[in-house]
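Here's the structure, in structure tokens; my notes come after.
Every number in this text was worked out from the coordinates using simple rules, so none of it is lab data. The model shown is predicted, which means the values in this text are computed figures rather than measured ones. Cβ sites come from the backbone with ideal geometry, for glycine too, and all protein chains shown count toward neighbours.
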Amino acid sequence: MSVAVRLRDVHKRYGETRALDGLSFEIPSGVLLGFLGPNGAGKTTTFRTILGLARPDRGVIEVLGMRVGPETSRIVKRVGAIVEEPGLYGFLSGRDNLVVASDTLGFGHERIDELLAFVQLTDDAGRKVAGYSKGMRQRLALAAALLGDPEVLFLDEPLDGLDPAGQAVLRDQLRRLVDEHDKTIVMSTHDLGDVEHLADRVVVISRGRLVTEGSLSELTAGGDRVRVVVDDPDRARRLLAADGFTVDGEADEVWVAGTDGAGVIRTLANAGVYPSAVIPERRTLEEVFLGVTGEQP
Ligand SMILES: Nc1ncnc2c1ncn2[C@@H]1O[C@H](COP(=O)(O)OP(=O)(O)O)[C@@H](O)[C@H]1O
Ligand SMILES: [Mg+2]
């Protein structure tokens, strides 16, 4: 597993505000990472320091094995980003915005039509961007971020403010960039639903520090109850309680606390009751988030 992005003990202060306070984490290549944290947690500051737009007071940041700072100019050629308001010209067409962006960045024009098609703007490419919807602008900004065929994309709240249809189109494109084009995407959002539906891994920060990280299934595992599916739930509850288990639930729901399920199966099978499933409890991402940050997303 190669590492796309690595932060080690990164600090960044604005006056008295510790925007980043010893932030450390790693992002493996080839994943779509949901970068989460309450408002003011330091997400945008993290992006800005990774991209060389803000200078950390302390700490080391590496992107694709290169050090931010000494090697920032090499890094920016291999990453793309949408951070803050995408700098689009309203008086130019969508296509001409990409032409200008390519010229500024020193890229050729040969991928522009392909990128317009990818973000589904071919039919509107000749229209002035001033008349674009927010979703169309966001897709154009994504096309601009992809001009240099970057390996890593940093997207700060890319779905924010889009209508549901616009979000669906963009989500689908982000997923395809990872699955079909081998990109690594780091996407901040405060919509946990986006992360639950889209992300492979999650990093949660709060007050400028890492509070938890892992794959979605790692993070949402970890309730300490199992649900037992049986034909005769009343009997199963009685048998388990008699054997000392902490049993809960009513009607068809049989919950057993403080067990991984193996003992549950043994107790029931000894009495000739065979559960059709023993399912570890999952927590929602919202519960995980509240648990580690103490705040709403
Ligand atoms: N340029 C700046 N000047 C002063 N304070 C800043 C600046 N940028 C960010 N901050 C502060 O740093 C903290 C983290 O902000 P930010 O990175 O924007 O968080 P997030 O993107 O997670 O909402 C906040 O308290 C914010 O007010
Ligand atoms: Mg922000």
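Key figures
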| read-out | value |
| --- | --- |
| Top positive-direction residue, dipole computed over the chain with Cβ charges, set Tyr14, Leu116, Val195 | Tyr14 |
| Taking Ser215, Ser206 and counting other C-beta atoms within 10 Å, the order from fewest to most | Ser215, Ser206 |
| Partner aspartates and glutamates for Lys77 [C-alpha distance under 15 Å; skip if fewer than 8 residues away on the same chain] | Glu62, Asp103, Asp149, Glu151 |
| Fully extended contour minus Cα-Cα distance, from Ala168 to Asp96, at 0.36 nm per residue | 23.3 nm |
| Paramagnetic label zone (point 7 Å from Cα along Cα-to-C-beta, Trp255; backbone N under 11 Å) in segment 266-297 | 281-282 |
| Most mobile listed residue (Phe47, Phe25, Phe107) in the chain, GNM with C-alpha springs under 10 Å | Phe107 |
| Charge dipole (debye, nearest 20) of segment 225-281; +1 at Cβ of Lys and Arg, -1 at Cβ of Asp and Glu | 200 debye |
| P(r) tail fraction, segment 122-170 - alpha-carbon pairs more than 17 Å apart, % | 38 percent |
| Under the Debye formula (equal points on every Cα, no solvent term), log10 I(q)/I(0) of segment 3-219 at q = 0.09 Å⁻¹ | -0.34 |
| Cα lying deepest toward the dipole's positive end in segment 225-281, options Ser276, Ala262, Gly249, charges on Cβ | Ala262 |
| Isotropically averaged projected area of segment 225-281, using the convex hull of Cα atoms (one quarter of hull area), nm² | 3.1 nm² |
| 27 Å tail of the calculated P(r), segment 163-297, as % of Cα pairs | 43 percent |
| Nearest-20 debye value, segment 3-219 charge dipole, Cβ charges on Lys, Arg, Asp, Glu | 720 debye |
| Most mobile listed residue (Glu110, Glu253, Glu16) in the chain, GNM with C-alpha springs under 10 Å | Glu16 |
| GNM flexibility winner over the chain from Val273, Val152, Val204 (Cα, springs under 10 Å) | Val273 |
| Helix 164-179 axis, angle to the chain major axis (alpha carbon atoms, nearest 10°) | 90 degrees |
| Fewest-first ranking of Tyr14, Tyr89, using other Cβ atoms within 10 Å as the exposure measure | Tyr14, Tyr89 |
| Residue order, fewest to most surrounding Cβ atoms within 10 angstrom, among Lys134, Lys128, Lys43 | Lys134, Lys128, Lys43 |
| Qualifying aspartates and glutamates (Cα of each under 18 Å from Cα of Lys128; at least 8 residues distant if same chain) | Glu85, Asp96, Asp113 |
| Value of [θ]222 nm, deg cm²/dmol, for the chain, DSSP H segments ≥ 4, -39500 (n - 2.57) each, nearest 500 | -9500 deg cm²/dmol |
| Inter-centroid distance (Cα atoms) of segment 1-48 relative to segment 128-180, Å | 21 Å |
| Degrees, to the nearest 10: 134-145 long Cα axis against longest axis of the chain | 70 degrees |
